[in-house]
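Chemist: First the structure, which I've put down as C-alpha cells, then a few questions once you've had a look.
Derivation of every value follows stated rules applied to the coordinates shown; laboratory data play no part. Note that the structure is predicted; figures quoted are calculated from it, not measured. Neighbour counts are summed over all protein chains in view; Cβ atoms, including those assigned to glycine, are modelled from backbone coordinates with ideal geometry.
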Amino acid sequence: MTPFIAELLGTGILILLGGGIVANDILEKTKGKGGGWMTITTAWGLAVFAGVVVAGPYSGAHLNPAVSIGLAAGGLFPWADVPLYILAQFIGAMLGSSLVYAMYKDHFDATEDAGLKRAVFCTDPAIPNTFRNMLSEILGTFVLIFCVFYFSEAEINDGTGTTVGLGSIGAIPVAFIVWGIGLSLGGTTGYAINPARDLGPRIVHALLPIRGKTDSNWSYSWVPVVGPIIGALIAAMLFIIL
C-alpha cells in the first residue's frame, strides 16, 4: 500500500465512522437517535483509532492536513510530501461522507430539519462568534498536534535492546486525545480540528441531491480550515522552542 492510498483509506474510514455516528445520533428513525454528546465524542475517538490502525504502517496516519502541516513545520515530515497527503485526505473525506449519505439516505429523507442534515457532513458554531469560534479550532488543534509531536517520538523496547515504533499501539493515545478534545473543547464549534474532515464533506453536502437541504454555510467554512492550520503551526513553534 502506498502512503497516498493509506491516507485516502484511513481518512475515508475516519469520516465514515465519524460522520456515521452523527447521522445515527441526530437523523430521524435511526436506532441510535438521541445518543448524545458522549456517544458522538466517543465514536469520533474510535473512528480516529480505526483510521490510524489502517494507515499508520504505510503513511504515519496523518489523516488531517493540520497534522501534515504541523509535522512538516516541526521538522518531522518533508514539506515536499505535504500536498500529496492533503490531496489523499480530502479525497478520503469526501468518499467517506458520500458513503454515510448512501447508507443513511432513508433517514435523511425522513428528517425535516435541514440543519441536522448538514450537521452530518460539517461543523457549525453553537453560537456564531468568529473570534471565539476560531479560538476553539485553534486551541483544539493545538492540543492535538502538540501531543502528536510527542507520540511521533515515542518508542518502546522489544526486550532485546532494539527500539521499535509504537505501531498500532500508537493509535490508542491519539484516539484518547481526540476524545478528550471533543469532551472538553468541542462544544462551541463541533471541533472539526481537521480541514479535510470539514471542507471535504461540506463540498459533498453542496453537491449531493439531498432532499430538503439548506445551504452549506460557506460563510463559516473558512474557520475550520484556517483555525486548525494556525493551531498546528503554533504547536510546531512551541515544540521547536522546547
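Chemist: Among Gly190, Gly96, Gly212, determine the one that fluctuates most according to a GNM of the chain built with springs between C-alpha atoms less than 10 Å apart.
Modeler: Fluctuation is largest for Gly212.
Chemist: For the chain, modelled as a Gaussian network with Cα springs under 10 Å, which listed residue fluctuates most, Gly186, Gly115, Gly20?
Modeler: Residue with maximal mean-square fluctuation among Gly186, Gly115, Gly20: Gly115.
Chemist: Could I ask something else about it? Averaging the inverse of every distinct alpha carbon separation and then flipping it gives the Kirkwood radius. What is it for region 1-106, in angstrom units?
Modeler: Taking the inverse mean of 1/r over all distinct Cα pairs, region 1-106 comes out at 14.2 Å.
Chemist: Per-residue ellipticity at 222 nm for the chain, helices alone: DSSP H runs ≥ 4 residues times -39500 (n - 2.57), over residue total, nearest 500 deg cm²/dmol? Display every interim value, and only then the final one.
Modeler: Details: 9 runs with 162 residues, N = 242.
For the chain, the value works out to -22500 deg cm²/dmol.
Chemist: On to the next question. Strictly greater than 33 Å: what percent of every Cα pair in the chain meets that?
Modeler: Working: 4193 of 29161 pairs.
Cα-Cα pairs of the chain separated by over 33 Å account for 14 percent.
Chemist: When Lys and Arg each count +1 and Asp and Glu each count -1, what net charge do the other residues less than 14 Å away from Ile91, Cβ to Cβ, add up to?
Modeler: 0
Chemist: Please name whichever of Trp179, Val223, Ala206 sits farthest to the positive end of the charge dipole of the chain, dipole taken about the Cα centre and charges placed at Cβ: Lys and Arg +1, Asp and Glu -1.
Modeler: Ala206
Chemist: Counting Lys and Arg as +1 and Asp and Glu as -1, each charge on the Cβ, what is the dipole of region 53-156 about the Cα centre in debye, to the nearest 20? Display every interim value, and only then the final one.
Modeler: Values: 4 positive and 9 negative charges, 27 e Å.
About 120 debye.
Chemist: Please build a GNM for the chain, connecting alpha carbons under 10 Å apart, and tell me which residue among Arg202, Arg132, Arg118 fluctuates the most.
Modeler: The residue with the greatest mean-square fluctuation here is Arg132.
Chemist: Quick one: putting +1 on the C-beta of Lys and Arg, -1 on the C-beta of Asp and Glu, what dipole do you get for the chain around its Cα centre, in Debye to the nearest 20?
Modeler: The calculation lands at about 480 debye.
Chemist: Now for a separate question. If I take every Cα pair under 8 Å that is 6 or more residues apart in the chain, average their sequence separation and divide by the length, what percent do I get for the relative contact order?
Modeler: 29 percent
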